[in-house]
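Chemist: Here it is, the structure in full.
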Amino acid sequence: MTQSRNRGFTLLEVLVALGIVAVISILSWQGLQEVLRSANRVTEVDERIQTTDAIFGQFEQDLAALELTLNSTDPQRDLTEITGQGLLLQFTQRNTSEPAYRERVEWVLENQRLLRIARNEINPEQPSVSEPLPMLGMQIRMWREPGGWSTPVFFGQVQALQGSDLNLQGSALQINSNNVVAAPPVDGNNENAGGAPATPDTPQNPGASSLVRAVEISLTQTNQQTLRRVFLTGGVY
């Protein structure tokens, strides 16, 4: 009667098995690293989008708080201007639990950082400065009536967007020397009817006041992507 013996693995078989396990581990690790890199990229993009949406949301609130009029002699009038550092807004803040107060807001781009600096008449020497947000560049232009779009002003490194120009809908304002708003003439030869822009920075009536009806803001993020939004200003048209 023959007695059977249990046969074990040879050294070669063990080495082959270990090699196969090592190859599978390396491939799995590389795949895991790629998944983690993709997740990080998605997270970074999502954070940039959320940050830019928050900035545009604050721009919208600031511009909507304006109550622009054609009375340019009032020293307390609301205004919006493009300065050498960015965008300047002056308005009365009413969307708080506190009594209404005058506020001066500056959006400034410096050292590839976007800042919102707010000063109110209650504590003018203690400005409220937002957390610096990474931003490569900013482009601003305004729709003035009469006049149309102004020449864009660039701050920092702006990546230009491709696309056709934007026109506001509705009849353009006609303003005489007495700052009286008149309806535009209905004429087939009126090229500015329907809000079509005139030559930038050239009012239709020289010497007359102009009203900022909208502001276009383009922000170039750190990944060289540019996002653009157009905001209507609050006011009397």
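Chemist: Would you pick out the residues in region 205-237 that are farther than 18 Å from Arg141 by Cβ and either modelled with pLDDT under 70 or part of a strand (DSSP E or B) (or both)? Steps first, please.
Modeler: Our first condition is that a residue be farther than 18 Å from Arg141 by Cβ; within region 205-237, this holds for 205-209, 221-225, 234, 236-237.
Scanning region 205-237 gives Asn205, Pro206, Gly207, Ala208, Ser209, Val236, Tyr237.
Chemist: Here's another thing I want to ask about it. Look through Glu60, Glu47, Glu81 and report the one residue that is modelled with pLDDT under 85, of a type outside the set (A, V, I, L, M) and either within 16 Å of Ser218 (Cβ to Cβ) or not in a loop (DSSP other than H, G, I, E, B) (or both).
Modeler: On the way: Glu60 fails: modelled with pLDDT under 85; Glu81 fails: modelled with pLDDT under 85.
Residue meeting the stated conditions: Glu47.
Chemist: Scanning region 100-118 for residues that are open to solvent by 80 Å² or more (accessible area, probe 1.4 Å) and assigned to a strand (DSSP E or B), which turns out farthest from Leu88 (Cα to Cα)?
Modeler: Arg113
The values are calculated or read from the model by the stated rules, or taken from the named source; none is laboratory data. Note that the structure is a prediction, hence the values are computed from the model and not measured. Methodologically, a virtual Cβ is constructed for each residue, glycine included, from the backbone with ideal geometry; neighbour enumeration extends over all protein chains shown. Please note that ligands, DNA and RNA were not included when accessible areas were found on the heavy atoms of the full protein model with its side chains. Shrake-Rupley method; radii C 1.70, N 1.55, O 1.52, S 1.80 Å.
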